[in-house]
Amino acid sequence: MTELNARRQAVLAIVVQEHIASGSPVGSKTVVEEYQLKVSSATIRNEMKVLEETGLLTHPHTSAGRVPTEEGYRYFVQHLLPDRPLAPADQRMIQHLFHQVGHEKDQWAQLAAAVLAHSSQMGALATQVRVESSRFKHMQLVEVRPGLVLLVLVLHAGVVKQQMISLDLAVTQDDLSQVSNQLNDLLANLTVSEIRDWLPELAPLGQQVLDLVVDTMESEDSPVSEQVYRDGLSHILMQPEFSATEDAHQLVNVLEQATLLGNIFENVRSNDGVQILIGGDGRYDALRDLSLVLSRYGVDRNVTGVLGIVGPVRMHYGRTIPLVRYVAELMSGLVQEWYT
């Protein structure tokens with residue numbers, strides 16, 4: 001991309017900011033008058049023309065004003081957007097909300113999505129923390145009634161799974177306790193891959209329970225299975241970009257695609273800091289009308305979740321980026337306290 005001089009950078013920044021605020025094309029007269037630039041409108045028009053030729057601006061056919069292209073937004077975010085922290089008042093409000101939830105970790109992701117949606121007036125996504133490789137900690141079998149048993153499986157990182165098992169064999173609670181004790185000894189601290197590499201020979205009941213434990217741990221490790229909390233969809237639908245019914249349907253469909261979101265979240269988990277996808281960045285065609293501002297949170301890369309904001313490409317990045325960064329840092333602190 002052509003290097004921009006200081007004036008063209010200033011013009012691009014003004015056009016982006018004005019278009020984000022108004023949703024309308026920005027003319028040279030607005031740039032000169034609103035920002036009191038000591039140059040003529042003709043000079044600004046020439047600079048806009050150069051920015052259009054470099055692919056950073058474009059103009060609707062019915063207007064002489066310009067609007068940013070996706071490349072224009074990317075240049076603005078990467079080179080022109082000031083790196084400011086979230087306002088102290090917003091930080092205090094968010095801290096207060098999380099303080100009310102306390103150590104109820106199952107509510108953290110849901111609250112994060114609600115806070116991001118309310119604070120940004122955009123849509124928000126958040127996942128629960130997920131362990132990269134589940135590790136067996138403890139299990140218990142409890143007879144509910146003849147032929148029906150409850151499996152309680154506890155994994156490291158505080159994950160608890162419960163499942164009912166139908167048995168063809170008549171067993172007592174003593175039989176179930178014996179199997180539980182045997183598997184607790186054999187599987188202690190093992191990951192699912194370690195268990196599969198070393199599968200002990202067991203009696204039929206023990207084998208049935210072992211198979212279920214392995215399946216449950218594999219499901220827990222699958223990125224597609226993680227729960228995604230969504231909030232603020234109504235905020236996005238109020239944006240003019242999604243006023244048409246078909247556009248709204250497309251938006252909802254995108255946000256419900258578990259495989260698409262799973263792939264995006266895995267990429268976010270592999271990188272540090274806030275990750276920004278503008279118009280799909282040429283990788284995700286389904287996101288061509290959206291921007292996502294996302295961040296990993298958690299402990300290193302072992303116990304992690306993803307959170308962020310979704311909205312139109314015409315997004316207030318100066319607000320959403322520090323907001324996502326702050327909530328991710330706060331969530332990381334909570335996870336650090338819980339899991340270490």
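The values are calculated or read from the model by the stated rules, or taken from the named source; none is laboratory data. No experiment lies behind these values; they were computed from the predicted model shown. FYI the Cβ positions are ideal-geometry reconstructions off the backbone, even for glycines, and counts take in every protein chain you see.
Taking the criterion of being more than 17 Å from Asn5 (Cβ to Cβ) and not in a helix (DSSP H, G or I), the residues of segment 41-61 that qualify are Thr58, His59, Pro60, His61.
Taking each residue of segment 33-57 that is farther than 13 Å from Arg8 by Cα and looking for partners that are among the aliphatic types (A, V, I, L, M) and part of a helix (DSSP H, G or I) with beta-carbon atoms closer than 7 Å, six or more apart or interchain, yields Tyr35/Ile14; Ser41/Val32. Every listed requirement among (1) more than 37 Å from the chain's Cα centre (by Cα); (2) at pLDDT below 90 is met by Glu34 save one, (1). I need the full set of residues from segment 221-273 which are acidic (Asp, Glu) and touching a strand residue (DSSP E or B) at 6+ places or on another chain (Cβ under 8 Å), in order please. Asp221, Glu226, Asp231, Glu241, Asp272 - these are the residues of segment 221-273 that are acidic (Asp, Glu) and touching a strand residue (DSSP E or B) at 6+ places or on another chain (Cβ under 8 Å).
Condition check ((1) at pLDDT 90 or above; (2) out of contact with any Lys or Arg (no Cβ under 6 Å at 6 or more places or on another chain); (3) closer than 30 Å to Gln121 by Cβ; (4) not assigned by TED's automatic domain parsing to the domain that holds Lys105) across all residues:
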{"residue": "Gly147", "(1), (2), (3), (4)": "no, yes, no, yes"}
{"residue": "Asp168", "(1), (2), (3), (4)": "no, yes, no, yes"}
{"residue": "Thr172", "(1), (2), (3), (4)": "yes, yes, no, yes"}
{"residue": "Ser180", "(1), (2), (3), (4)": "yes, yes, no, yes"}
{"residue": "Asp185", "(1), (2), (3), (4)": "yes, yes, no, yes"}
{"residue": "Val213", "(1), (2), (3), (4)": "yes, yes, no, yes"}
{"residue": "Ser219", "(1), (2), (3), (4)": "no, yes, no, yes"}
{"residue": "Asp231", "(1), (2), (3), (4)": "yes, yes, yes, no"}
{"residue": "Leu237", "(1), (2), (3), (4)": "no, yes, yes, no"}
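From the list Gly158, Gly206, which residue is assigned by TED's automatic domain parsing to the domain that holds Arg145 and touching a helix residue (DSSP H, G or I) at 6+ places or on another chain (Cβ under 6 Å)? Give the derivation first.
On the way: Gly158 fails: touching a helix residue (DSSP H, G or I) at 6+ places or on another chain (Cβ under 6 Å).
Among Gly158, Gly206, only Gly206 is assigned by TED's automatic domain parsing to the domain that holds Arg145 and touching a helix residue (DSSP H, G or I) at 6+ places or on another chain (Cβ under 6 Å).
Residues that are part of a helix (DSSP H, G or I), within 18 Å of Asn46 (Cα to Cα) and in contact (Cβ under 8 Å) with a residue 60 or more places away in the chain within segment 1-27 comprise Gln9, Leu12, Ala13, Val16, listed in sequence order.
When Thr304 is tested against the conditions (1) closer than 27 Å to Glu220 by Cβ; (2) among the hydroxyl-bearing types (Ser, Thr, Tyr); (3) modelled with pLDDT under 85, the lone failure is (3).
Set side by side, the residues Arg269, Arg296, Arg325 differ, and just one is closer than 29 Å to Gly102 by Cα, within 14 Å of the chain's Cα centre (by Cα), at pLDDT 85 or above and surrounded by fewer than 20 Cβ atoms within 10 Å (Cβ to Cβ), which is Arg325. Ile264 passes every criterion in (1) more than 12 Å from the chain's Cα centre (by Cα); (2) at pLDDT 85 or above; (3) of a type in the set (Val, Ile, Thr) apart from (1).
Residues in segment 210-259 that are in contact (Cβ under 8 Å) with a residue 24 or more places away in the chain and acidic (Asp, Glu): Glu218, Glu220, Asp221, Glu226, Asp231, Glu241, Asp247.
Close Cβ contacts (under 7 Å, 6 or more residues apart or on different chains) running from residues in segment 99-122 that are more than 15 Å from Trp338 (Cβ to Cβ) to residues that are of a type in the set (S, T, N, Q) and part of a helix (DSSP H, G or I) comprise Ser120/Thr320; Met122/Thr320.
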